[in-house]
Amino acid sequence: MRFRFLLLLLLCGAAGTAQNIHETVDTTQRIPRMGPNRLFHYDLCMGAGFIAGPEQNGAAINWWSSSVSFSARGKLKLWSWESIVLDLGYRYDRYSINQKKPKRLPVDPLAHQRERISVSNLSLAFCNRISLGKHGNVQGRYIDAGVYADWAFRATNVYLDQFFDSNGPAGRERIKTKLSQLNYIEPLNYGLVFRIGSDNAAFFGQWRLNELIIDGADRNYPDLPQLIFGVQVTGWLSGKY
């Protein structure tokens, strides 16, 4: 009799346990598709850096030659650890020409107080992103590697000269000369891009594979440095996916 009573208690307890197990959490809610670590994500990106790299004879630049960029970035998640990243935006490259070394570029060969070649680009970049480590709905740590293409839709050559003038109000005169529609700038350029970042900040580098300066009919010109490196900041649209 006691055995039957004990068996009945066990059966009732097992039934209650089974009933508790089958009380699962409601899974009818859909997981969002938009977000930093979801299927789709888009944001705005701002970058700033320096232009550097091996200098060819006659095309020396100053160390403060710089580049700034603004772009829209979209990301498509393929797997938990891999995504495709697409950037479309504007980049402004400013090459400060060194005036203390001989110039073999297709510019005025005379030395000026300051001189620069500025190039405005419409830029497109396509990268494969590898996520590092596990994280929630944040970008986390990542590595990007891919290619880019530029359309240089505007280029100018600006140089500044200063002359001493005893008759002038300040005893000197400054003359600024600006040349546009430069026919020696290659309009279509391409190269490689690499980024390593965490969340909303990244270090980047890009290397132009073609020559920016077009050779003349009877003369070969040196090319400007091909490397741009710096930092990029995203997250301007955080919470507004």
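Identify all residues within segment 135-167 that are in a strand (DSSP E or B) and aliphatic (A, V, I, L, M); write none if there are none.
Listed by number, the residues that qualify are I143, A145, V147, A149, A152, A155, V158, L160.
Within segment 53-83, take every residue that is assigned to a strand (DSSP E or B) and either of a type in the set (S, T, N, Q) or at positive phi (or both) and give me the one that is surrounded by the most Cβ atoms within 10 Å (Cβ to Cβ).
Filtering segment 53-83 for residues that are assigned to a strand (DSSP E or B) and either of a type in the set (S, T, N, Q) or at positive phi (or both), the one surrounded by the most Cβ atoms within 10 Å (Cβ to Cβ) comes out as S69.
Which residue, of G230, G216, is among the small types (G, A, S), touching a residue at least 60 places away in the same chain (Cβ under 8 Å) and surrounded by fewer than 16 Cβ atoms within 10 Å (Cβ to Cβ)?
G216
Looking at (1) farther than 18 Å from N128 by Cβ; (2) part of a strand (DSSP E or B), which is the only condition G216 fails?
Unmet for G216, out of (1) farther than 18 Å from N128 by Cβ; (2) part of a strand (DSSP E or B): (2).
So which of I143, I97 ends up being over 21 Å from the mean Cα position of the chain (by Cα) and modelled with pLDDT of 95 or more?
I97
How many of the residues in segment 148-165 are under 22 Å from the mean Cα position of the chain (by Cα) and either surrounded by 15 or more Cβ atoms within 10 Å (Cβ to Cβ) or within 21 Å of S96 (Cα to Cα) (or both)?
The number of residues fulfilling the criteria is 7.
Considering only residues of segment 111-128 that are among the aliphatic types (A, V, I, L, M) and assigned to a strand (DSSP E or B), which is farthest from the chain's Cα centre (by Cα)?
Looking at residues that are among the aliphatic types (A, V, I, L, M) and assigned to a strand (DSSP E or B), I get I117.
The values are calculated or read from the model by the stated rules, or taken from the named source; none is laboratory data. Since we're looking at a predicted model, the values are computed, not measured. For neighbour counting, all protein chains shown are included, and Cβ atoms are generated from backbone atoms with ideal geometry for every residue, glycine included.
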